[in-house]
Amino acid sequence: MTEESKPASLKDAFEKLQAATEQKAATSLSGRQRRARTVARLAAVQALYQLEMTGAGVEAVIREFSEHRFDRDLEGEPLAEADEAFFSDLVRGTVSLQGEIDRAVTARLASNWKLERLDATARAILRAGAWELLHRQDVPLEVAIDEYVEIAKSFFEGPEPGFINGALDGIARDASRA
């Protein structure tokens with residue numbers, strides 16, 4: 001998993017993710033609410049990546065997204081509305097419980113792999129997905145897993161989405177046994 005596995009642009013990543021989300025079965029949320037959560041998840045992955053790469057504080061990054069990224073153009077195109085409360089909860093929760101989340105993710109890695117060996121984007125996807133699986137009982141497990149696999153597909157063309165699917169599925173099974 002390499003840093004070179006990124007999509008051509010954020011606009012491309014969002015478009016892939018939005019198309020996949022629109023194909024999903026209906027949930028209790030409206031289409032607009034589902035899209036807003038999809039945008040929030042994608043933004044949360046970007047925020048977690050930014051936190052890891054820059055060492056910035058969680059509140060500063062949340063504020064940056066709220067003030068400068070949401071409700072703005074993405075490469076000249078308007079970005080769909082985000083569920084900012086969901087985004088903030090996801091980022092804060094993932095950061096505050098990162099030790100627990102990292103243990104859950106590490107338990108699903110091959111015995112010779114360490115979390116630090118994974119691509120930073122894959123780590124961000126796994127951490128956000130794991131937090132949601134472990135701490136958002138209002139979100140169906142299959143919805144969370146599908147969303148994060150689609151996010152992975154928007155960033156990676158190789159085996160990473162399958163790996164992320166397997167890891168998140170295992171975390172969901174582990175959580176249901178706890």
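Remarks
- Of all residues in the stretch 144-160, those being more than 12 Å from the chain's Cα centre (by Cα) and either modelled with pLDDT of 95 or more or not small (Gly, Ala, Ser) (or both) number 4.
- Residue check, ILE164 without any contact (Cβ under 8 Å) to a residue 60 or more places away in the chain, closer than 21 Å to ALA40 by Cβ and of a type outside the set (Lys, Arg): yes
- Filtered by the rule that a residue be surrounded by fewer than 23 Cβ atoms within 10 Å (Cβ to Cβ) and under 25 Å from GLN33 (Cβ atoms), the stretch 155-168 gives PRO161, ASN165.
- The residues of the stretch 103-134 that are out of contact with any helix residue (DSSP H, G or I) (no Cβ under 6 Å at 6 or more places or on another chain) and either aliphatic (A, V, I, L, M) or surrounded by 17 or more Cβ atoms within 10 Å (Cβ to Cβ) (or both), listed by number, are ALA107, LEU109, ALA110, LEU118, ASP119, ARG123.
- For the stretch 71-94, the candidate set comprises residues that are part of a loop (DSSP other than H, G, I, E, B) and over 22 Å from TRP131 (Cα atoms); within that set, the residue that is modelled with the highest pLDDT is GLU81.
- Of all residues in the stretch 27-69 being surrounded by 14 or more Cβ atoms within 10 Å (Cβ to Cβ), within 14 Å of GLU84 (Cβ to Cβ) and basic (Lys, Arg), the one that is nearest to the chain's Cα centre (by Cα): ARG41
- Summed over the stretch 103-123, the residues that are closer than 16 Å to ALA152 by Cβ and small (Gly, Ala, Ser) give a count of 2.
- Selected residue (criterion: nearest to GLN50 (Cα to Cα)) from residues of the stretch 131-141 that are in a helix (DSSP H, G or I) and not acidic (Asp, Glu): TRP131
- Taking the criterion of being modelled with pLDDT under 60, surrounded by fewer than 16 Cβ atoms within 10 Å (Cβ to Cβ) and of a type outside the set (Lys, Arg), the residues of the stretch 10-26 that qualify are ALA19, GLU22, GLN23, ALA25, ALA26.
- Checking ALA104, ALA128, ALA122, ALA144 one by one, the residue that is in contact with a Phe, Trp or Tyr (Cβ under 8 Å, 6 or more places away or on another chain), farther than 19 Å from SER66 by Cβ, in a helix (DSSP H, G or I) and of a type in the set (A, V, I, L, M, F, W, C) is ALA122 and no other.
The values are calculated or read from the model by the stated rules, or taken from the named source; none is laboratory data. Fair warning: this is a prediction, and the values are worked out from it, not measured in the lab. A quick note on method: Cβ atoms are made from the backbone with ideal geometry, for glycine too, and the neighbour counts reach across all protein chains shown.
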